[in-house]
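Asker: Sharing a structure, written as structure tokens. Questions coming.
The values are calculated or read from the model by the stated rules, or taken from the named source; none is laboratory data. Note that the structure is predicted; figures quoted are calculated from it, not measured. Every residue, glycine among them, receives a Cβ derived from its backbone with ideal geometry; neighbour counts consider all protein chains shown. Surface accessibility is based on the protein's heavy atoms, side chains included, excluding ligands, DNA and RNA. Shrake-Rupley method; radii C 1.70, N 1.55, O 1.52, S 1.80 Å.
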Number of protein chains: 2
Amino acid sequence: MIYDLTVVQFSKMLTNLSAILDKAAAFAETKKIAPEVLLNSRLAPDQFNLTRQVQIACDTAKLGAARVAGKADSAPKHEDTETTLAQLQTRIQDVIAYLATFTPADFTNAASQTVSQPRWEGKTLSGVEFAIQHATPNIYFHISTAYAILRHNGVDVGKKDYLGAMPYKS
Amino acid sequence: MIYDLTVVQFSKMLTNLSAILDKAAAFAETKKIAPEVLLNSRLAPDQFNLTRQVQIACDTAKLGAARVAGKADSAPKHEDTETTLAQLQTRIQDVIAYLATFTPADFTNAASQTVSQPRWEGKTLSGVEFAIQHATPNIYFHISTAYAILRHNGVDVGKKDYLGAMPYKS
């Protein structure tokens with residue numbers, strides 16, 4: 001279940017974010033504005049801009065899964081140098097490809113896994129606590145904020161773009 | 001685990017939202033503006049305002065847990081009549097109290113539970129699919145949006161207010 005909550009669902013949300021950024025690109029083209037205007041937008045002067053929201057969403061997905069699986073040391077590095085929508089899309093696809101390398105077996109010991117981050121100064125969470133209380137709220141925060149920045153700028157995105165397809169049975 | 005993902009974590013997030021709304025109330029008092037200005041704020045003309053974001057966050061928590069547990073019929077009703085921060089705080093506390101009536105045993109059959117909503121026209125999700133792919137992204141979406149509306153208006157909220165306390169071990 002932690003596999004479904006992190007690997008599968010984070011991958012889905014990055015796919016949704018990618019489609020939302022495609023809408024942003026189409027909007028910029030239609031309105032004849034530079035896409036960088038959107039990438040540099042934010043909702044408050046001391047808030048991260050759209051580029052940074054996407055970068056953090058990617059890292060939250062990548063490191064969220066990696067830390068809970070005890071594989072953070074082998075996660076691919078990303079240097080936060082993206083300046084275009086195309087580069088952000090490449091990063092998203094990189095992370096989706098990385099997430100695809102995990103299997104449910106990687107999460108068997110999530111409850112006993114110890115997770116930490118440099119800024120926690122030695123303190124730890126269990127893998128399950130980290131997945132539910134930290135990685136999950138964080139990825140949704142940054143994707144929702146990216147969405148809100150674009151919505152505020154007039155891009156025609158709606159809740160369905162954010163949620164993505166549901167595996168409905170009829 | 002579905003109990004922790006929904007009941008426990010949704011209750012925590014509503015507690016965080018309540019504290020964020022307290023900051024909004026203090027901000028309004030300091031700036032000598034009517035709190036209703038914040039309650040009616042939105043980031044796009046066709047987006048729900050802050051009041052509605054809080055109402056939907058409450059319903060997502062309440063019905064998210066109730067539907068996965070197969071108890072939607074007995075969930076308390078809320079009529080969406082709140083017009084003040086105090087009334088929204090009361091609703092949040094109502095839902096937190098309702099969530100406290102659940103136990104982990106209510107979620108034993110979440111994988112085989114069938115969940116539907118009127119707008120799905122007879123289609124269904126399993127309880128686990130609904131919890132992970134629908135209720136969870138939705139509650140974070142509406143709490144993040146409520147946060148973003150307040151941040152955009154100048155309220156001094158940060159990521160820690162959104163995430164709340166972590167159960168760190170040292």
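Asker: When the accessible area of chain A is computed with all protein chains present and a 1.4 Å probe, what percentage of it is carbon and sulfur?
Answerer: Using a 1.4 Å probe with all protein chains present, chain A comes out at 52 percent carbon and sulfur.
Asker: Is it possible to state the helix-based mean residue ellipticity at 222 nm for the protein assembly as shown, with each DSSP H run of 4+ residues giving -39500 (n - 2.57), the sum divided by total residues, to the nearest 500 deg cm²/dmol? What is it?
Answerer: Value at 222 nm, helices only, nearest 500: -16000 deg cm²/dmol.
Asker: Another question, then. In whole Å and largest first, what semi-axes does the C-alpha gyration tensor of chain B yield when each eigenvalue is scaled by 5 and square-rooted?
Answerer: Each semi-axis is the square root of five times an eigenvalue, giving 29, 18, 14 Å.
Asker: Given 0.36 nm per residue, what is the gain on full extension from B:Ala97 to B:Thr30 after removing their alpha carbon distance, in nm?
Answerer: In short, 21.0 nm is gained.
Asker: Could you give the size of the charge dipole of chain B about its Cα centre, using +1 on the Cβ of each K and R and -1 on the Cβ of each D and E, expressed in debye and rounded to the nearest 20?
Answerer: In debye, rounded to 20, chain B gives about 360.
Asker: Let's test the formula: R0 of 41 Å, r as the Cβ-Cβ distance of A:Ser112 and A:Gln87. What FRET efficiency results, to the nearest 0.05? Don't jump to the answer; show the numbers that get you there.
Answerer: On the way: r = 38 Å, r/R0 = 0.93.
Using R0 = 41 Å, I get an efficiency of 0.60.
Asker: If you average the C-alpha positions of region B:32-79 and of region A:156-170 separately, how far apart do those two centres end up, in angstrom?
Answerer: 19 Å
Asker: Now, a different point. Given a Förster radius of 30 Å and the C-beta distance between A:Asp156 and B:Lys160 as r, what FRET efficiency does 1/(1 + (r/R0)^6) yield to the nearest 0.05?
Answerer: 0.35
Asker: Run the reach check for A:Lys169 against lysines, Cα to Cα strictly under 19 Å, same-chain hits fewer than 8 apart removed. What comes back?
Answerer: A:Lys12, A:Lys160, B:Lys123
Asker: Say a site is exposed when it is one of the trypsin sites (Lys or Arg not before Pro), sits in a DSSP loop, and has at most 11 other Cβ atoms within 10 Å; what is then the longest site-free stretch of chain B?
Answerer: Segment B:78-170 is the longest.
Asker: A further question on this structure: Cross-link list B:Lys23/B:Lys71; A:Lys159/B:Lys31; A:Lys31/A:Lys159: which exceed 27 angstrom alpha carbon to alpha carbon?
Answerer: B:Lys23/B:Lys71; A:Lys159/B:Lys31
Asker: What does the net charge come to around B:Phe27 if you take all other residues with beta carbon closer than 14 Å to its beta carbon, with K and R at +1 and D and E at -1?
Answerer: Charge balance in the 14 Å sphere: -1.
Asker: Something else now. What accessible area, summed over both chains, is buried at the A-B interface (1.4 Å probe, Å², nearest 100)?
Answerer: 3900 Å²
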